[in-house]
Amino acid sequence: MLLAAAAVLALALGALFRRSAAAVVTAMVVIVLPYGLATTSVLPVGVAQWLLRLTPAAGFAIQQSIPEYPHVMNNYAPSAGYYPLAPWAGLAVLCGFAALALGLAVLRMRRSDA
């Protein structure tokens, strides 16, 4: 599901930009860069959690294996393998970005090819 949604996002970016190199670079920057920054302890925990909530990198939450328990004191940080969103909520964020990009691509195609 994660790879399919990321592929739809990349396809929509390709149709939107009409340049394969620009679409590939943008897809990598939008999906992989926030994930890499959030999970490598480069950013503070608050900023890393914000990135994993609001960017398409939230889709990686589908791989989460560490649930948060309120009675357990643990390091709930993205660098420790914890994602701030529930698995399906993170995937929904990625699907939302893919749907938005696909809708914009359809609008661009209709206006330019008409």
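The values are calculated or read from the model by the stated rules, or taken from the named source; none is laboratory data. It should be emphasised that the depicted structure is a prediction, and the values quoted were computed from it without experimental measurement. Methodologically, a virtual Cβ is constructed for each residue, glycine included, from the backbone with ideal geometry; neighbour enumeration extends over all protein chains shown.
Against the definition (without any contact (Cβ under 8 Å) to a residue 24 or more places away in the chain and either surrounded by fewer than 17 Cβ atoms within 10 Å (Cβ to Cβ) or in contact with a Phe, Trp or Tyr (Cβ under 8 Å, 6 or more places away or on another chain) (or both)), how does Ser20 come out, yes or no?
yes
State whether one or more residues within the stretch 87-98 are out of contact with any strand residue (DSSP E or B) (no Cβ under 9 Å at 6 or more places or on another chain), of a type outside the set (Lys, Arg) and without any contact (Cβ under 8 Å) to a residue 24 or more places away in the chain.
Scanning the stretch 87-98 turns up at least one residue that is out of contact with any strand residue (DSSP E or B) (no Cβ under 9 Å at 6 or more places or on another chain), of a type outside the set (Lys, Arg) and without any contact (Cβ under 8 Å) to a residue 24 or more places away in the chain.
Is at least one residue of the stretch 90-98 surrounded by 14 or more Cβ atoms within 10 Å (Cβ to Cβ), in contact with a Phe, Trp or Tyr (Cβ under 7 Å, 6 or more places away or on another chain) and at pLDDT 90 or above?
Looking for residues that are surrounded by 14 or more Cβ atoms within 10 Å (Cβ to Cβ), in contact with a Phe, Trp or Tyr (Cβ under 7 Å, 6 or more places away or on another chain) and at pLDDT 90 or above, one finds at least one in the stretch 90-98, hence yes.
I'm told Ser79 meets every condition in (1) of a type outside the set (Phe, Trp, Tyr); (2) farther than 23 Å from Ala4 by Cβ; (3) free of Cβ contacts under 8 Å to residues at least 40 places away in the same chain except one. Can you identify the failing condition by its number?
All conditions pass for Ser79, except number (3).
Is one or more of the residues making up the stretch 41-56 surrounded by 13 or more Cβ atoms within 10 Å (Cβ to Cβ), over 20 Å from Ala10 (Cβ atoms) and of a type in the set (Lys, Arg)?
yes
I'm trying to understand the selection: among the residues of the stretch 42-69, which are charged (D, E, K, R) and within 15 Å of Val93 (Cα to Cα)?
Selection gives Arg53 alone.
With respect to Leu16, is the statement that it is touching a Leu at 6+ places or on another chain (Cβ under 8 Å) and more than 30 Å from Arg111 (Cβ to Cβ) true?
Spelling it out, it is not the case that Leu16 is touching a Leu at 6+ places or on another chain (Cβ under 8 Å) and more than 30 Å from Arg111 (Cβ to Cβ).
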